[in-house]
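One structure below.
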Amino acid sequence: MFIQTEDTPNPQSMKFLPGQPVLGQGALGMDFPTIESSASSPLAQTLFDIDGVMSVYLGGDFITVTKAEAVEWMHIKPGILGAIADFLTAGLPVLNDAAGSASGAPATPLEDYEGDDRETVEQIIELIDTRVRPAVAADGGDIVFKHFEPKTGVVFLAMQGACAGCPSSTMTLKAGIENMLKHYVPEVVSVEAVA
């Protein structure tokens, strides 16, 4: 199995492309920021067994691994490549049957918003899903809507995969996403990152 790798804007994260589905097309990504959060994914658990792996993000057709800052890629990358190849070649399930979301705090359900606030949240989610998520997935990450506070106009988003801890994530959040949302959704005043 040939696994392509790509650097990401986050020097501590690398994107691994095995040339086959990981979660599958159209699947929402799953973020495993700690070993404890990886119970629903045997693949993520396998990667956490490698010294220096700090977090794992599974996308539709890629895996992003974030390493400890003190660890060099040349020391950890061969082990990650081998673990992914062995796991996928063996045909093992990437997720357990009862796998839930590993995306941290759940988003406020759309049903909790009423009237104009609900329309605003629907616009925000659509813009994030169609314009933001595909772009950040190309860099091995994801940005997920968590909450909109109608009284203050603040949108809360979770940074996942290569986006979590990325030096350029603040610029992406403020200069990119915040400006876009403010342009299309006048009710948005600012955007903040949450865990």
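The values are calculated or read from the model by the stated rules, or taken from the named source; none is laboratory data. In this text, all values refer to a predicted model and were calculated from it rather than measured experimentally. Glycine gets a Cβ as well: all are built from the backbone with ideal geometry, and neighbour counts include every protein chain shown.
Taken together, G52, G59, G24 contain a single residue that is crowded, with 17+ Cβ neighbours inside 10 Å, within 16 Å of the chain's Cα centre (by Cα) and not polar (S, T, N, Q), which is G59.
Take Q123 and decide whether it is among the polar types (S, T, N, Q) and either within 15 Å of Y57 (Cβ to Cβ) or part of a strand (DSSP E or B) (or both). No, not satisfied.
Quick grid of which residues meet (1) among the hydroxyl-bearing types (S, T, Y); (2) closer than 25 Å to N10 by Cβ; (3) assigned by TED's automatic domain parsing to the domain that holds A44; (4) surrounded by fewer than 17 Cβ atoms within 10 Å (Cβ to Cβ):
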position: D117; (1), (2), (3), (4): no, no, no, yes
position: A137; (1), (2), (3), (4): no, yes, no, no
position: K146; (1), (2), (3), (4): no, yes, no, no
position: A162; (1), (2), (3), (4): no, yes, no, no
position: M171; (1), (2), (3), (4): no, yes, no, yes
position: G176; (1), (2), (3), (4): no, yes, no, no
position: N179; (1), (2), (3), (4): no, yes, no, yes
position: V189; (1), (2), (3), (4): no, no, no, yes
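Here the condition is being touching a residue at least 12 places away in the same chain (Cβ under 8 Å), under 14 Å from the mean Cα position of the chain (by Cα) and not in a loop (DSSP other than H, G, I, E, B); of I177, I143, it holds for I143 alone. I125: within 19 Å of the chain's Cα centre (by Cα), without any contact (Cβ under 8 Å) to a residue 40 or more places away in the chain, crowded, with 21+ Cβ neighbours inside 10 Å and closer than 26 Å to A27 by Cβ, yes or no? The answer is no for I125.
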